[in-house]
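Reviewing the structure listed below.
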Amino acid sequence: MRRSPIHIALAGAILVAGFLGISALGAGATTHSVVAKHQAVHARRISTRSSQPVAPELGIGQTLFDENCSSCHGIGAGGSSLAPSLLGRGAATVDLWVSSGWMPLAVPTAQPSRGPDRFTRAQTIAIANYVASLKPGGFAIPSGDVTGASVSLGQNLFSENCAGCHTITGSGDALSGQLNAPSLHGLNPTMITEAIITAPGNMPRFYPGALTAAQVRDVVAYVSKYIGHPDNAGGIGLGGNGPVAEGFIGLFIGVGACLLFALWVGDRSEDEESAEDALKEAHA
Amino acid sequence: MIDRLFTWFDNRLAISRSGRHLLNKIFPDHWSFMIGEIALYSFIVLLATGVFLTLYFVPSGQDVVYHGIYAPFDGQTMSAAFKSTLDLSFSVRGGLLMRQMHHWSANIFVGSIVVHMLRVFFTGAFRRPRELNWFIGTTLMILAIVNGFLGYSIPDDLVSGTGIRIAYSILESIPFVGSYLATLLFGGVFPGNGSIIPRFFILHVLIVPLVIFGLLGAHLGLLVKHKHTQFKGNGAREDNVVGAPMWPTFMIKTTGFLFLTTAVTVLLGAFVQINPIWLYGPYIPFHVSYAVQPDWYMGWLDGALRVMPSWELHLPGHMIPNVFFPAVLLPGITFNVMMAWPWIEAAFTRDDREHHILDRPRDRPVRTAVGAAVLAFYFVLFGASATDVLANYLSVSLNVVLLSFRVLCVVVPLIVFPVTYKICTEMSHTKGAGKRKQYNIIVRGEDGGYSAVPTEAYAGYRHEVLEPIDVDSVDLSGVMGEPEPTGTAGVYQIPRDYR
């Protein structure tokens, strides 16, 4: 039996959606119940919002969730064939995915990509707190406060743990297959902290474990201050893309300008052409 | 007074006769003959800025603790080399400008050498009697690339450290002797005993530049001896050299060109950031950044490493590793064929005559097509050194990009060769190809018929072919500031006799 292209496309779409769901859950999801308690202990060390508004905000959060998220994640965030369950993922996870513009997806099968936050800050927090209220677990939204953190230790830790995928200038790069490590420019400290502690997508889990709470703050301080606002003391920064961009400038602007000057200073002899033609005519 | 001083020196050194001879040298006029000068003047900029940098750079792999202006490294342990490069960038007045000028100049240096080589190749300027000078020129290009890599490496930052790590592996991949060579150069297994920075440094600032300097002398000496090649026209023959005399015309042109080349370097150094090592951080052997590339002139080597499938050669008792083929064998073949090209071509064309009149590329379709195809191959490899950056910017799978480059580096040269060949043969058989279009004006006559009247290519401009005059027959010392003799617009000739 021949399958129509639509069937194949549909099957592909479902496969992609499933794949996305799995990657969104991340490696931590499977062992979640084991580490949840552990995380809850550590969560206290990452400074979080002191007062979490309760009743009225949860109602707004639920409305927003039902309107924008439930078509894929299901009423009550229990997940569906299109998207993973959010139960027990914590407010920090939801906040990161929504505030980064990854969610909500315009098309359920599309790859999440960075964009403007579709909600106001208060709305995003309301959704996050509503999801977190459904089942305990995960992290609360961190404050992103980095007072007293060391950018020097942060630089060293960034070089060791983050540069391998995000590149040392934080401009991000393609990984194998369709995956990529996103650019770290234009992130606020809260989002950076959330990414490190919740390990979105394929990102490895660094906290708790590889990094202590203080070290997370050091990395956040370095990324928010120096990766987000690189010190381009030397002039135009060329997007932090290093020698490839520099090579193009060197060849096309540097050598190119010198060649134009050569054209200006040197002569383009017309006689060469006329002599050649005269010669050809003589032969003919 | 000056006259007496000059006479005193001239009586002892006898410089006026040979000096007169040198000033009467004739340089043919064509803009493409000035490309080599870009390289020459970049080399001067490199020497000048390099001397400045040497005053502050500390070529040592010894650990020091940084307490300087740039906060993200405060209290970090790093090599003295990296620390001094940071200080050069942030604490030394004008240091960052000098660093950036040095680096841009290096890019322009190698770039202009390559363009110069292309000019020489495509116009057949390497043919007898200039085979040796082509050989010297190719050696100069290799040395420029090597010295560029050495200079890129010595700041000991995260990006260049990764480059050194790759260089170590490439060295190791050489059959039988590789591991010994690598250990010898690095003073132990990677990262060695910290001696690689001082070793690279002395190679970079003394040994390689000295060899470049010597070969450059030979390169220019041979140029003066053979006298410059020239295109047809203006009375140029195999046995003469037609153009502008060294003094005053060429001297003024070339000095102006020195300033222009320097100006480009200064502007780039002042306004466009290059190699911001403070954004990369110190090299720590177990740290690695993604998206690390070498400077462009090593890019094709990086690209070759990336597109090479994971093949190894298993010989009895010895394995030839994968890295050997793209990183040792490919450059080996490339540079050897390049150096031997004048003899290879002569063997095919059986042409052993002297040539001082240049070919136009279209008139030598096979050579031009071979050159274009090989150039296209290396350009694809250069592109392949940015597979990850391309995949990221185009939002395409990295694997697809890599596979595409594997296909492209075979397919593109195969397309470029016949297309170039066809364009060349078509152009050389078409009268006026490549010249400015002459429009025809259609006129209707009184009898009602139509006729086409061609217009001039350059309206109101009629070029007369000038007969060059012997430079020895006129006294050029008075040319400056005075009307040109007999209105020849400075077209002079000297006999071409180098024996």
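Please work out if B:PHE6 is aromatic (Phe, Trp, Tyr) and within 26 Å of B:GLY187 (Cα to Cα). No, not satisfied. Filtered by the rule that a residue be over 25 Å from A:ALA174 (Cα atoms) and in contact with a Phe, Trp or Tyr (Cβ under 6 Å, 6 or more places away or on another chain), the stretch B:369-416 gives B:ALA369, B:GLY371, B:ALA373, B:PRO413. Among the conditions (1) facing chain B (nearest Cβ under 7 Å); (2) assigned to a loop (DSSP other than H, G, I, E, B); (3) buried (at least 24 other Cβ atoms within 10 Å of the Cβ), A:GLY254 misses just one, which is (2). Within the stretch B:290-307, does at least one residue satisfy the condition of being within 14 Å of chain A (Cβ to nearest Cβ), more than 28 Å from the chain's Cα centre (by Cα) and closer than 30 Å to B:GLN76 by Cα? Yes: one or more hits. The helices (runs of 4 or more DSSP H) falling completely within the stretch B:1-83 that include 2 or more residues that are modelled with pLDDT of 95 or more and over 30 Å from B:THR229 (Cβ atoms) map to B:35-56. Which residue is farthest from B:GLU345 (Cα to Cα), if the candidates are limited to the stretch B:358-374 and must be in contact with a Cys (Cβ under 9 Å, 6 or more places away or on another chain) and surrounded by fewer than 19 Cβ atoms within 10 Å (Cβ to Cβ)? Selected residue: B:ASP363. Read through the list (1) within 12 Å of chain B (Cβ to nearest Cβ); (2) modelled with pLDDT under 90, then give the number of the only condition that A:PRO208 fails. It fails just one condition, (1).
Quick grid of which residues meet (1) surrounded by fewer than 16 Cβ atoms within 10 Å (Cβ to Cβ); (2) within 30 Å of B:TRP104 (Cα to Cα):
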| site | (1), (2) |
| --- | --- |
| B:TYR280 | no, yes |
| B:ARG306 | no, yes |
| B:ASN322 | no, no |
| B:ILE333 | yes, yes |
| B:ALA340 | yes, no |
| B:ARG350 | yes, no |
| B:HIS356 | no, no |
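Taking the stretch B:155-247 as the region of interest, the helices (runs of 4 or more DSSP H) fully inside it that hold 3 or more residues being within 30 Å of B:HIS30 (Cα to Cα) and either in contact (Cβ under 8 Å) with a residue 40 or more places away in the chain or under 22 Å from the mean Cα position of the chain (by Cα) (or both) are B:208-226. Got at least one residue in the stretch A:109-124 being under 25 Å from A:GLY186 (Cβ atoms), out of contact with any Phe, Trp or Tyr (no Cβ under 8 Å at 6 or more places or on another chain), within 14 Å of chain B (Cβ to nearest Cβ) and in contact (Cβ under 8 Å) with a residue 40 or more places away in the chain? So far as the stretch A:109-124 goes, yes, one or more of its residues are under 25 Å from A:GLY186 (Cβ atoms), out of contact with any Phe, Trp or Tyr (no Cβ under 8 Å at 6 or more places or on another chain), within 14 Å of chain B (Cβ to nearest Cβ) and in contact (Cβ under 8 Å) with a residue 40 or more places away in the chain. Within the stretch B:202-257, the residues that satisfy the criterion of being charged (D, E, K, R) and crowded, with 16+ Cβ neighbours inside 10 Å are B:LYS227, B:LYS232, B:LYS253.
Looking at A:THR169, A:THR124, which is the one that is in a loop (DSSP other than H, G, I, E, B), more than 12 Å from the chain's Cα centre (by Cα) and β-branched (Val, Ile, Thr)?
Every option except A:THR169 fails the conditions.
Taken together, the criteria place A:GLY164 among residues that are out of contact with any helix residue (DSSP H, G or I) (no Cβ under 9 Å at 6 or more places or on another chain) and either facing chain B (nearest Cβ under 9 Å) or in a loop (DSSP other than H, G, I, E, B) (or both).
The values are calculated or read from the model by the stated rules, or taken from the named source; none is laboratory data. Computed from a prediction, not measured in an experiment: that's the story for all the values here. Ideal geometry is used to build each Cβ from the backbone, glycine not excepted, and the neighbour counts take in all protein chains shown.
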